[in-house]
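Input: a single structure, listed below in C-alpha cells.
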Amino acid sequence: MPYAPRIEEVGRYYHVGSNAVDGMKLFRCDEDRSAFLGLLEKEIRRSEWRCLAYCLMSTHFHVLIRLEKCTLASGMQRLNSSYARAFNRNYGRRGALFQRRYFDRLIETTSHLLEATRYIARNPTRVDLSPVPQDYQWSSYGATIDGERSDPLIDEGEILGLFGSSPDEGRQRLRAFVEEPDLRKRRSQTPL
C-alpha cells in the first residue's frame, strides 16, 4: 500500500526524524554522530531549512525545522540515504538502515511548536542518557541556552525569538520552559 503524500508548506515548522530498522543502533559511536551532523548541516544549507533544534539518540534522531522552500521530502531523502550509505560502507553491511521513511509532524500551533522544542530537548533525559538536557552532547539544546558557544546548525534568532524579545531573555525563558516539571511523570506517580 503506498504512503500518503507529504504536505509541505513554506514557512511552516516540522518535527522530523527517522528510526533505525529493528531497533538497532543508528549511531554506534561519536564518529557516527559527528558524520550525521555534518550531513545534516549540508542538507540544512542545500534545502534552505531553518533548524531550531535537534537531538541524536542511539536508535533515532529528531530535528525541528522551518521550511523556506518545499524541500522536506527531497532533503530528508538525501540526508537519510547519504547517512545509510556511509553507515553501511563503514560497518560492512548491506540493506535498509531505516525502519521506514522518515516521520514528520506538521506543527499546527504555537503551543505545539513549544512542546516539540521541549520534547526534543528532554528526549535524552527520558531514557537516562543524561541527567539534565543541557549536558547531552548530541543535542542542540545545551548550546542554545549557553550563550557562550553556538551551534552552527541552529538558527538561534528563530528559536530564541519564540521565548523572548532578546537572546538573553529567550535563553532564560527557554530553559525555564524545558525545566518545568513533566506532567506525564507527575500524573503517573500520583495515586488514584
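From Glu31, Glu8, Glu48, Glu43, which residue is within 17 Å of Ser81 (Cα to Cα) and acidic (Asp, Glu)?
Values: Glu31 fails: within 17 Å of Ser81 (Cα to Cα); Glu8 fails: within 17 Å of Ser81 (Cα to Cα); Glu48 fails: within 17 Å of Ser81 (Cα to Cα).
Of Glu31, Glu8, Glu48, Glu43, the one residue that is within 17 Å of Ser81 (Cα to Cα) and acidic (Asp, Glu) is Glu43.
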Asn123 fails exactly one of the following numbered conditions: (1) in a helix (DSSP H, G or I); (2) free of Cβ contacts under 8 Å to residues at least 12 places away in the same chain. What is the number of that condition?
(2)
Return the pair list, or none, for Cβ contacts closer than 7 Å from residues in segment 134-160 that are within 25 Å of Leu67 (Cα to Cα) to residues that are among the basic types (Lys, Arg), at least 6 apart or on different chains.
Trp138/Arg33; Ala143/Arg149; Ile145/Arg171; Ile145/Arg175; Asp155/Arg50; Glu158/Arg50; Glu158/Arg66; Leu160/Arg171
Condition check for Arg105: within 17 Å of Phe61 (Cα to Cα), out of contact with any Pro (no Cβ under 8 Å at 6 or more places or on another chain) and of a type in the set (Lys, Arg):
yes
Return the residue satisfying two criteria in turn: it lies in segment 148-172 and is under 21 Å from the mean Cα position of the chain (by Cα) and among the polar types (S, T, N, Q), and of such residues it is surrounded by the most Cβ atoms within 10 Å (Cβ to Cβ).
Gln172
Given the conditions (1) part of a loop (DSSP other than H, G, I, E, B); (2) of a type in the set (A, V, I, L, M); (3) within 14 Å of the chain's Cα centre (by Cα), report the number of the one that Leu113 does not fulfil.
(1)
Neighbours by Cβ (under 9 Å, 6+ apart or cross-chain): first from segment 97-117, exposed (fewer than 14 other Cβ atoms within 10 Å of the Cβ); second assigned to a helix (DSSP H, G or I) and of a type in the set (Lys, Arg)
none
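No lab work stands behind these numbers, since they all come straight from the coordinates. Since this is a predicted model, take the numbers as computed values, not measurements. Glycine gets a Cβ as well: all are built from the backbone with ideal geometry, and neighbour counts include every protein chain shown.
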